Amino acid sequence: MPGFCLNIHPLVLCSLNSRVLRFSRAMIFAIEEINNSSQLLPGVSLGYQIHDSCVAVPVAAHVAFQLSNGQDPVFHQGGSCSRSGVMLAAVGDSGSTPSISISRIFRSFSIPLVSPFATCACLSDKQQHPTFFRTIPSDQYQADALAKLVKHFGWTWIGAVRSDSDYGNYGMASFLDAALREGICVEYSEAFYRTDPPSKIQRLADVIRRSTAVVVVAFAASGDMKVLLEELARDPPPPRQWIGSEGWVTDPHLMSVGFCAGAIGVAIQRSFWEEAFNCTVICSINNPYTETSQLRATNMVYKAVYAIAHAIHNAMCEERNATVRCDKHASLEPKQVFTELKKVNFSRNGYHVSFDDKGDPVAFYELVNWQSNKNGVIELVSVGYYDASLPTGEQFRIKGNLIWLDGGTQVPVSVCSESCPPGTRKVLQKGKPICCYDCIPCPEGEISNMTDSPDCFLCHDEFWPNPEKEACLPKPVEFLTFDEVLGIILVVFSVSGACLTIAAAAIFFHHRTTPIVRANNSELSFLLLFSLTLCFLCSLTFIGAPSEWSCMLRHTAFGITFVLCISCVLGKTIVVLMAFKATLPGSNAMKWFGPPQQRMTVVFLTLIQVIICIIWLVVSPPSPVKNLTTYKEKIILECALGSAVGFWAVLGYIGLLAVFCFVLAVLARKLPDNFNEAKMITFSMLIFCAVWITFIPAYVSSPGKFTVAVEIFAILASSFGLILCIFAPKCFIILFQPEKNTKKFLMNKN
């Protein structure tokens, strides 16, 4: 049966490279496998030619033009081919730069070029390379995978080196863009090529040695990396964590470099010889040609050949009644193969083959790690994968134990600055990348609750940072309580004062018929003692958590009871003056200020204060508020005055009565009595006025709960002044000097 002969051309290097020789053998094996298949192109034979591009653009262009212009018919002898010298597709080149040149020539003739190893992202541009396909993923995906790998391990400060070629330059540009999106900073980015002068390679090696970045990402071809690593081996740098692209990280030639142990990178999905080719190779010679334990690029060659074969099959074969028939005499053109290549979709040996609208396959990479075995030989170990077809966040997986630089098991640290803990914020260092910063503690009242926070945030008004400034906690609420020391002391004095007043009232009541009690207007004295008891007890309303009722009660009760108290003292002072005038010949002064007038005076003066308090409570009463301004770190629960005018009106009225009483007492202090009560009233009013005059600045300037304490102190001090000055001397005479409690003694003018 006559065969149909087609030419498929892989383009390989000039010098003998055992690894690339294996690629060529894999292509030959695939073609022969297809020619022997009864399912794929039955009865049709594929032919091939192998050309060497020498990894040089001029040579690659020359070969491309030669193939585009048709083949020498002498190459095919005999009648086994229906048409000789027809090239429908090419497999190659292994390098991106030669592939770019070949693709630009082939596009004019619609000749498809399927590369197993050209990864430059630029080849995905269908305007520039419309007939280009590849079975290896684009470097765009590889760059994303490398950036996510670096970010996964927390490395934000890296060095970058690349081949000075289309593969290295385009690949590194994609990586740097992806790294920028991931917040990774690059200390240096250097390009080199294997043919560069030794001085340039040495300078790059010195940059790596002197750098502070522990991690070095190398987007380079294996030939270029070989030159760089040989230079570094002359004076090995400090431990460096190498991150490799697929162009060199799987090259067994480089794995003998000891200081690169622990390198990790992305690699093409591997295939084992037994799985891919359904046979077993047993060979005692250990070199890249016979190394079949991990076929990576070799499998890409195998898939490329099968992709072209499927495209040809779809163009010239059809299935009828479960039988595949091919038109062996069909006049097949490269453009038809190109059209069918875009629709190829099949699986071979468990590996799926298809192309997207850019001619790229689905991106899948293995994550590999250089690990030393028991014999100290570095081996390539698969530790995870990157699958671009999976949803975002699930594409990257680590599923093995990694070995790092120097054979360690701890992930190395490569940062320009240590992470800023919560409670601090990052401040960029002038003239350096964003990964270099200082950690500044948050200002007062602000927090940061995450690592490497760029800013600190204010807490809510009722919250305050904890000491570490990493969380906002509710501010403690402060008010004068019954169970604190200050509160207990004030309660003790308040209750003691009330008890002392009650005791004085009991003494006066028990001795109410004695001259000293009767001479001091017993009715006003008992009313005064009652009001003083209320004054002592009203101070208790200032202690405890303020509420609506307690705020209104404490100020009004204080104002009314003190006016009642001062009114009684004022009445007693007027009685003393009237009593003296009544002793003068022809005077009837006491008739105008007898008991009814005394009661009316007290009621009238007190009623005025009651009216002031009612107006205050109706217009703008005191109410509990949270004071957030006095202290930033705590809340003061206090009674707002409501109307300040009302508060100062209450105090002003008390002060007015106290001054008036004091003036009258001063006028009556030298009256010729053996026991002149006006003197005692003068002292008590002097103490009273002094206390409340000093109260005003102390009240205004005292912070928080001490404002309440000052007010209580003023109430207690003035109350004690009245009880001690007016009633203590009388009680002392009643109890301890009864001989003076006589009318004769009281009437003695001496």
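The values are calculated or read from the model by the stated rules, or taken from the named source; none is laboratory data. Keep in mind the model is a prediction, meaning the values are calculated, not measured. Ideal geometry is used to build each Cβ from the backbone, glycine not excepted, and the neighbour counts take in all protein chains shown.
Consider Ser347 carefully, then state whether it is surrounded by fewer than 17 Cβ atoms within 10 Å (Cβ to Cβ), under 22 Å from Leu295 (Cβ atoms) and either outside the structural domain of His253 (by TED's automatic domain parsing) or of a type outside the set (D, E, K, R) (or both). Yes, satisfied.
Can you tell which of Phe479, Phe493 is in contact with a Leu (Cβ under 7 Å, 6 or more places away or on another chain), touching a residue at least 12 places away in the same chain (Cβ under 8 Å) and not assigned by TED's automatic domain parsing to the domain that holds Glu633? Steps first, please.
Numbers: Phe493 fails: not assigned by TED's automatic domain parsing to the domain that holds Glu633.
Result: Phe479 is the single residue among Phe479, Phe493 that is in contact with a Leu (Cβ under 7 Å, 6 or more places away or on another chain), touching a residue at least 12 places away in the same chain (Cβ under 8 Å) and not assigned by TED's automatic domain parsing to the domain that holds Glu633.
So which residues in the stretch 332-358 are more than 20 Å from Ser103 (Cα to Cα) and in contact (Cβ under 8 Å) with a residue 40 or more places away in the chain? Selection gives Leu332, Phe346, Arg348, Asn349, Gly350, Tyr351, Val353.
Would a scan of the stretch 296-306 turn up a residue that is aromatic (Phe, Trp, Tyr), at pLDDT below 95 and assigned to a helix (DSSP H, G or I)? Even if it seems obvious, please write down each step before you answer.
Applying the first criterion (aromatic (Phe, Trp, Tyr)) to the stretch 296-306 yields 302, 306.
Add one more test, that the residue is at pLDDT below 95, and what stays is 302.
The next check asks that each one be assigned to a helix (DSSP H, G or I); those that pass are 302.
Within the stretch 296-306, one or more residues are aromatic (Phe, Trp, Tyr), at pLDDT below 95 and assigned to a helix (DSSP H, G or I).
Among the residues making up the stretch 114-126, a single one is farther than 14 Å from Asp356 by Cβ and assigned to a helix (DSSP H, G or I): Cys122.
Against the conditions (1) at pLDDT 80 or above; (2) out of contact with any Lys or Arg (no Cβ under 8 Å at 6 or more places or on another chain); (3) not assigned by TED's automatic domain parsing to the domain that holds Ser38, Gly359 satisfies every one except (2).
When the test is whether a residue is of a type outside the set (Gly, Ala, Ser), touching a Pro at 6+ places or on another chain (Cβ under 9 Å) and in the same structural domain as Ala90 (by TED's automatic domain parsing), Lys328 passes it. For Ala143, only one of the following conditions fails: (1) within 32 Å of the chain's Cα centre (by Cα); (2) surrounded by fewer than 24 Cβ atoms within 10 Å (Cβ to Cβ). What is its number? Failing condition for Ala143: (2).
Only one of Val645, Val650, Val618, Val666 is β-branched (Val, Ile, Thr), assigned by TED's automatic domain parsing to the domain that holds Lys740, modelled with pLDDT under 80 and not in a loop (DSSP other than H, G, I, E, B). Can you tell me which?
Numbers: Val645 fails: modelled with pLDDT under 80; Val650 fails: modelled with pLDDT under 80; Val618 fails: modelled with pLDDT under 80.
When all the criteria are applied, what remains is Val666.
Is it true that some residue in the stretch 161-172 is surrounded by 22 or more Cβ atoms within 10 Å (Cβ to Cβ), modelled with pLDDT of 95 or more, outside the structural domain of Thr119 (by TED's automatic domain parsing) and aromatic (Phe, Trp, Tyr)? No. Scan the stretch 363-383 and give yes if some residue there is out of contact with any Ser or Thr (no Cβ under 6 Å at 6 or more places or on another chain), of a type in the set (Ser, Thr, Tyr) and without any contact (Cβ under 8 Å) to a residue 12 or more places away in the chain, otherwise no. Taking every residue of the stretch 363-383 in turn, none turns out to be out of contact with any Ser or Thr (no Cβ under 6 Å at 6 or more places or on another chain), of a type in the set (Ser, Thr, Tyr) and without any contact (Cβ under 8 Å) to a residue 12 or more places away in the chain.
Residue under question is Gly487, and the condition is that it be touching a residue at least 12 places away in the same chain (Cβ under 8 Å), surrounded by 12 or more Cβ atoms within 10 Å (Cβ to Cβ) and over 23 Å from the mean Cα position of the chain (by Cα); does it hold?
yes
Residues in the stretch 499-510: is at least one at negative phi, of a type outside the set (A, V, I, L, M) and not in a helix (DSSP H, G or I)? Steps first, please.
Here is the first cut: in the stretch 499-510, the ones at negative phi are 499-510.
If we keep only those that are of a type outside the set (A, V, I, L, M) too, we end up with 499, 501, 508-510.
Then keep just the ones that are not in a helix (DSSP H, G or I); that gives none.
No, the stretch 499-510 contains no residue that is at negative phi, of a type outside the set (A, V, I, L, M) and not in a helix (DSSP H, G or I).
Condition first: buried (at least 16 other Cβ atoms within 10 Å of the Cβ) and of a type outside the set (Val, Ile, Thr). Now tell me which residues in the stretch 652-668 satisfy that.
Of everything in the stretch 652-668, those that are buried (at least 16 other Cβ atoms within 10 Å of the Cβ) and of a type outside the set (Val, Ile, Thr) turn out to be Tyr653, Gly655, Leu657, Ala658, Cys661, Phe662, Leu664, Ala665, Ala668.
Applying the criterion of being over 56 Å from the mean Cα position of the chain (by Cα) and of a type in the set (Lys, Arg) to the residues of the stretch 291-334, the residue that is nearest to Asp93 (Cα to Cα) is Lys328.
With Leu637, Leu657 as the choices, which residue is at pLDDT 85 or above and farther than 30 Å from Met578 by Cα? Give the steps one after another, and end with the answer.
Values: Leu657 fails: farther than 30 Å from Met578 by Cα.
Residue meeting the stated conditions: Leu637.
Limited to the stretch 193-206, what total is found for residues that are touching a residue at least 40 places away in the same chain (Cβ under 8 Å) and more than 29 Å from Ser94 (Cβ to Cβ)?
At the first step, the residues of the stretch 193-206 found to be touching a residue at least 40 places away in the same chain (Cβ under 8 Å) are 204.
After this cut, where a residue has to be more than 29 Å from Ser94 (Cβ to Cβ) as well, the list is none.
Residues that pass the stated criteria total 0.
Looking at the stretch 263-272, is at least one residue part of a loop (DSSP other than H, G, I, E, B), out of contact with any Cys (no Cβ under 8 Å at 6 or more places or on another chain) and crowded, with 23+ Cβ neighbours inside 10 Å? Working first, answer last.
Taking the stretch 263-272 as the starting set, the residues that turn out to be part of a loop (DSSP other than H, G, I, E, B) are 263, 269-270, 272.
From what's left, out of contact with any Cys (no Cβ under 8 Å at 6 or more places or on another chain): 263, 269-270, 272.
Next, only the ones that are crowded, with 23+ Cβ neighbours inside 10 Å stay: 263.
Checked against the condition, which is being part of a loop (DSSP other than H, G, I, E, B), out of contact with any Cys (no Cβ under 8 Å at 6 or more places or on another chain) and crowded, with 23+ Cβ neighbours inside 10 Å, the stretch 263-272 yields at least one hit.
Of the set (1) at pLDDT 95 or above; (2) more than 29 Å from Val305 (Cα to Cα), all apply to Val114 but (2). Output the residues belonging to the stretch 46-65 that are touching a strand residue (DSSP E or B) at 6+ places or on another chain (Cβ under 7 Å), under 26 Å from Met316 (Cβ atoms) and not in a loop (DSSP other than H, G, I, E, B). Of everything in the stretch 46-65, those that are touching a strand residue (DSSP E or B) at 6+ places or on another chain (Cβ under 7 Å), under 26 Å from Met316 (Cβ atoms) and not in a loop (DSSP other than H, G, I, E, B) turn out to be Gly47, Tyr48, His51.
When Pro236 is tested against (1) farther than 21 Å from Val257 by Cα; (2) assigned to a loop (DSSP other than H, G, I, E, B), exactly one condition is not met: (1). Kindly provide the set of residues from the stretch 644-665 that are closer than 14 Å to Ile696 by Cα, touching a helix residue (DSSP H, G or I) at 6+ places or on another chain (Cβ under 7 Å) and of a type in the set (Gly, Ala, Ser), ordered by number. Once the filter is applied, which keeps residues that are closer than 14 Å to Ile696 by Cα, touching a helix residue (DSSP H, G or I) at 6+ places or on another chain (Cβ under 7 Å) and of a type in the set (Gly, Ala, Ser), the stretch 644-665 yields Ala649, Gly655. The residue pairs whose first member lies in the stretch 170-192 and is under 14 Å from Ser414 (Cβ atoms), whose second member is among the polar types (S, T, N, Q) and surrounded by fewer than 20 Cβ atoms within 10 Å (Cβ to Cβ), and whose beta carbons are closer than 6 Å, counting only pairs six or more residues apart or on different chains, are Glu187/Ser211.
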